[in-house]
Amino acid sequence: DVTGPLPHHKLRNLALAVKVIRHFYPGYKFKAGEMAADLPARFWQVTPNIIADVSHNPDKIRRLADQLRFSFPSQRFRFIIGLSRSREARRVFAPLLELAEHIVITGASYAGQDPHEIAGQLRRDFDAIEVIEDPKTAFEKEKNTLLPGQILVLTGSAYMIDQALNPNPYIKLMNATFG
């Protein structure tokens, strides 16, 4: 359950935040419920069976994999992933491969890597991969084919997630600047 007890990395992040606040404001008194454990676009439950997370590097993807294991023990996931910049796809997405039942690789609008190249890299370790170049098309197809009990996770690029989920291509919801 996404709202259940916090996994280790979220507890660590909250503890660090409290330590920083106490350093700069030693007399500050915390009130119950004042600190949020969730960050915008991190493990965002779009619908009960669709999660979006802007993880885009090996450390963040590892944390996402930890959260998925914690929140949904023994579950396999369908993923839509896109990647930007010059990150190595196998290194970035390795933690997700053992959790995946199917992966759709798509583009990312700004500095996006070629989805076919990403697929070629990941197919060395995982073969249930499909390429759908347009993020919106990939999302609509996956959303409409989800079976009961399946969970879809979008990750790897904030630009890709914005393209997939944003109903208005002229207003960028998750990216303050576009490119």
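Quick notes on this one:
- A count restricted to the stretch 111-123 and to residues that are open to solvent by 40 Å² or more (accessible area, probe 1.4 Å) and of a type in the set (S, T, N, Q) stands at 1.
- Per the conditions (1) closer than 14 Å to residue 155 by Cα; (2) without any contact (Cβ under 8 Å) to a residue 60 or more places away in the chain; (3) of a type outside the set (Ser, Thr, Tyr), the sole criterion not satisfied by residue 114 is (1).
- Some residue of the stretch 47-66 being at pLDDT below 95, farther than 13 Å from residue 156 by Cβ and small (Gly, Ala, Ser): no
- Counting only residues that are out of contact with any Phe, Trp or Tyr (no Cβ under 7 Å at 6 or more places or on another chain) and either open to solvent by 10 Å² or more (accessible area, probe 1.4 Å) or farther than 13 Å from residue 53 by Cβ (or both), the stretch 67-91 holds 16 of them.
Let's see how each residue does on (1) touching a residue at least 60 places away in the same chain (Cβ under 8 Å); (2) among the small types (Gly, Ala, Ser); (3) part of a loop (DSSP other than H, G, I, E, B); (4) crowded, with 18+ Cβ neighbours inside 10 Å:
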{"position": "95", "(1), (2), (3), (4)": "no, no, no, yes"}
{"position": "101", "(1), (2), (3), (4)": "no, no, no, no"}
{"position": "109", "(1), (2), (3), (4)": "yes, yes, yes, yes"}
{"position": "125", "(1), (2), (3), (4)": "no, no, yes, no"}
{"position": "138", "(1), (2), (3), (4)": "no, yes, no, yes"}
{"position": "141", "(1), (2), (3), (4)": "no, no, no, no"}
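- Residue within the stretch 31-43 that is farther than 19 Å from residue 126 by Cβ, at pLDDT 90 or above and open to solvent by 60 Å² or more (accessible area, probe 1.4 Å) present: no
- Cβ-Cβ contacts under 8 Å between residues 6 or more apart (or on different chains), taken from a first residue in the stretch 53-72 that is closer than 21 Å to residue 112 by Cα to a second residue that is open to solvent by 60 Å² or more (accessible area, probe 1.4 Å) and not in a helix (DSSP H, G or I), are listed as 53/42; 53/44; 54/42; 55/42; 56/87; 57/87.
- Checking each residue in the stretch 143-166 for being in a strand (DSSP E or B) and not hydrophobic (A, V, I, L, M, F, W, C) picks out only 155.
The values are calculated or read from the model by the stated rules, or taken from the named source; none is laboratory data. Fair warning: this is a prediction, and the values are worked out from it, not measured in the lab. Cβ: placed from backbone, ideal geometry, glycine included. Neighbour counts: every protein chain shown. Areas reflect the complete protein model, heavy atoms only, side chains present, ligands, DNA and RNA absent. Shrake-Rupley method; radii C 1.70, N 1.55, O 1.52, S 1.80 Å.
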